[in-house]
Structure formats: structure tokens, C-alpha cells
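The values are calculated or read from the model by the stated rules, or taken from the named source; none is laboratory data. Just so you know, these numbers come straight off a predicted model, no measurement behind them. FYI the Cβ positions are ideal-geometry reconstructions off the backbone, even for glycines, and counts take in every protein chain you see. The area values use the complete protein model at the heavy-atom level, side chains included, leaving out ligands, DNA and RNA. Shrake-Rupley method; radii C 1.70, N 1.55, O 1.52, S 1.80 Å.
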Amino acid sequence: MGYPRLGGEGGKGGDVWVVAHNKMTLKQLKDKYPQKRFVAGEGANSRVSALKGSKGKDCEIPVPLGISITDENGKIIGELNKEKDRILVAEGGLGGKLLTNFLPLKGQKRVIHLDLKLIADIGLVGFPNAGKSSLLSKISHAKPAIADYAFTTLKPELGKIMYNDFKQISVADLPGLIEGAHMNKGMGHKFLKHIERTKQLLFVVDVSGFQLSSQTQYRTAFETILLLSKELELYREELQTKPALLAVNKMDLPDAQDKFHVLMNQLQNPKDFLHLFEKTMIPERTVEFQHIIPISAVTGEGIGELKNCIRKSLDEHTNQENDAYHKKQLLNLRISNTISYSELPSKNAVTSARIDIT
């Protein structure tokens, strides 16, 4: 409340913030706050001894890194990717003042949804049984469950590649895609949402092709790559702009070399083969792989080269990002210098600025 007789202003209500913490998990958040309701403090009334009432205490919701926040209509409010990142999700009401007839206004009430997406340098993309789990265990210290049936991986597995110079690269083995994943078939969106947060994609395909079950159609390695690309495109077109590498797995199998040569020919001249497939299978743009590496996750063939290519690709990408950032900073500096020299106010000029925050 305000103080009408002396024109005192009541304190503003506290705000509700979502704040990222390295060691926080969604399970901890759920266990600690089972009611899932967060309320900030009330502002203090204006009084003779303190005409300006103090602001209400803010409320902070601790969340893990990688959280995407949406409102009840699905509109994205923001994302938290670094330690101590914070987003205002509900604002406290104004305290009583002359404009409000000295009565306090209600604060904002809002329903929000928290969606956790894995953050990794490299995301492994492939159909079930492509050998992603075996590959992850070979290139990193991760120990994922491995078996001879589809959908061994039911949740994302994260591993780290360690290099001699102590550089670490995080790799996420994400649950296997199937045809129709963009429509939420199989693991569907549970898988695809994690791809959004990876810096680069590593396609993993079986050189002999893939067949999910006896009821589904057999797909060659080339068809598998087309279908994986199509699923990414249908889910979110921007995913195809991510840098990508291709690991052709199971090179220890009989006739693998012959099949690999056929695949390379198809990848180098895709237009010569696309007319053989249904239009629904063909992506708008075919993925251009920065490196194509034949490997065997069983024997270890090509694993060293793959790790080097991953490192090289990420380093190149980081350098490009840094160059783009420095160019942007330089441009902003030039613009600000130009404005400061060309628009200096005169001695008697009065300048004011108003920022409306809604």
C-alpha cells in the first residue's frame, strides 16, 4: 500500500526468475519443490518511518543447464545454457502510488514449462543397430548398454573424447531414429529435440544397410543417409545447416569394401541415383559431409582417424565462429564511433531516453 497523506510509495512485488546451475538436475528440482508453485515476496507498505516501501523478495527457480522455457501456449520465453544464466518469468506488481490511487497492483501469474535438451559438441545420428553405442564406447570413456536388438539406447548417453593435449570433446549417443520420427514415431521428438543443442552431427550408418524388422523395408546405406536427412529436415529445417561428418560402420564384415565403394560413388554423384527413390524419401538438400570415414567399432579400424576428423572439424567451426564474432564486434565499434562523432549534442541540448519494458 502507498501512503496517500504523505505521497508515500509502496514497495514493488518481488519477481520470479529461472536461474541455471551446473550441479542442478530436473529430478532434484522436482523432489525439492513437489508443489511446482513458486511465489515471490510482497512489497512493504509505505509508512511514516519509510515512505518508500522496500521491494518484495525475488524468487529464484534453480534449473540445470540446457533448459528451454516455454509458456502454456508453447511460446518460447528463453533458454539457459551457461552457469548463472537467468530469465525473468513473472514480474511483481507495482506498489501503491499516486498513479494507482495508492493501491498495489497484482503481480504477473504464469504457467511455464521446463524442457531439458542435452548440450554436446557432437550428436550421433543413426537408425537403430547402426553401432552408435559401440562407437561411443570405443572413442570415449562412456559405457553404454550394447546388444544385438533395436533400441538398445532408450535415453541419451554422454561420453567424452580425451586428446593428448587434454582437450575434451563431448559426444552424445541419442536414441535411434526410425522413419516417421518427425511425426513422433518411435523415440520421435524425445530424440530430435536433443539434436538442436549439438554443435555438429556425426551420422553413423551400417555399410550393409538397415532393416528395422521383417515387416519393414530393407534400406541400403545410401537410402539410410537420405532418410536420416529427411527426418531432420521435416522436424526442423535448420538442423541441416549444422556441420556434419559421416562414419560408415561395420567395415569388418564380408564385402564391406565393395559396398563402401558403391556408397562413395552414390554420395559423390547423388543426382545420378535420386530418381530411383520415392520423392517422399528425398530431402530438399542433401547433407554435405566434411569428412567420410570408414570404421569398425568392433575391431577399432578407422577410430583414430575419426577422432582426428572430429577434432579438426570442431576447431575449424570454432575459428569461423570467433572470426564472425570479432568482425561483428569491429563493425559495432565502427558504428558507435561514427554516431558519437557525428551526433555530439550541443552544450545547451537536453537529452532524455525512455525504455518501455512489457
In segment 85-103, the residues that are more than 24 Å from the chain's Cα centre (by Cα), under 26 Å from Lys36 (Cα atoms) and open to solvent by 70 Å² or more (accessible area, probe 1.4 Å): Glu91, Leu94
Filtered residues of segment 80-123 (kept if part of a strand (DSSP E or B) and under 15 Å from His21 (Cβ atoms)): Leu80, Arg86, Ile87, Leu114, Leu116
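Taking the conditions exactly as written (modelled with pLDDT of 85 or more, more than 23 Å from Leu276 (Cα to Cα) and open to solvent by less than 10 Å² (accessible area, probe 1.4 Å)), does Leu201 satisfy them or not?
On the way: modelled with pLDDT of 85 or more: yes; more than 23 Å from Leu276 (Cα to Cα): yes; open to solvent by less than 10 Å² (accessible area, probe 1.4 Å): yes.
Taking the combined requirement at face value, the residue satisfies it.
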For Lys55: the one exception among (1) open to solvent by 50 Å² or more (accessible area, probe 1.4 Å); (2) at pLDDT below 95: (2)
Across segment 24-43, what is the total count of residues that are crowded, with 17+ Cβ neighbours inside 10 Å and within 27 Å of Gly11 (Cβ to Cβ)? 3
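Touching a residue at least 12 places away in the same chain (Cβ under 8 Å), touching a strand residue (DSSP E or B) at 6+ places or on another chain (Cβ under 7 Å), assigned by the TED database to the domain that holds Val89 and open to solvent by 30 Å² or more (accessible area, probe 1.4 Å) - does that describe any residue in segment 16-23?
Looking through segment 16-23, at least one residue is touching a residue at least 12 places away in the same chain (Cβ under 8 Å), touching a strand residue (DSSP E or B) at 6+ places or on another chain (Cβ under 7 Å), assigned by the TED database to the domain that holds Val89 and open to solvent by 30 Å² or more (accessible area, probe 1.4 Å).
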Quick check on my filter: what residues within segment 68-84 are over 30 Å from Gly11 (Cβ atoms) and surrounded by 17 or more Cβ atoms within 10 Å (Cβ to Cβ)? Ser68, Glu79
Can you pull out the residues in segment 253-285 that are within 32 Å of the chain's Cα centre (by Cα) and open to solvent by 60 Å² or more (accessible area, probe 1.4 Å)? Gln268, Glu278, Lys279, Thr280, Glu284, Arg285
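Tell me the residue from Leu29, Leu51, Leu65, Leu6 that is among the hydrophobic types (A, V, I, L, M, F, W, C), touching a Gly at 6+ places or on another chain (Cβ under 7 Å) and touching a residue at least 12 places away in the same chain (Cβ under 8 Å), please. Can you show your working first?
Details: Leu29 fails: touching a Gly at 6+ places or on another chain (Cβ under 7 Å); Leu65 fails: touching a Gly at 6+ places or on another chain (Cβ under 7 Å); Leu6 fails: touching a Gly at 6+ places or on another chain (Cβ under 7 Å).
Only one candidate passes the filter, namely Leu51.
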Between residues in segment 216-230 that are open to solvent by less than 30 Å² (accessible area, probe 1.4 Å) and residues that are of a type outside the set (A, V, I, L, M, F, W, C) and in a helix (DSSP H, G or I), which pairs lie under 6 Å by C-beta distance while being six or more apart or on different chains? Phe222/Gln266
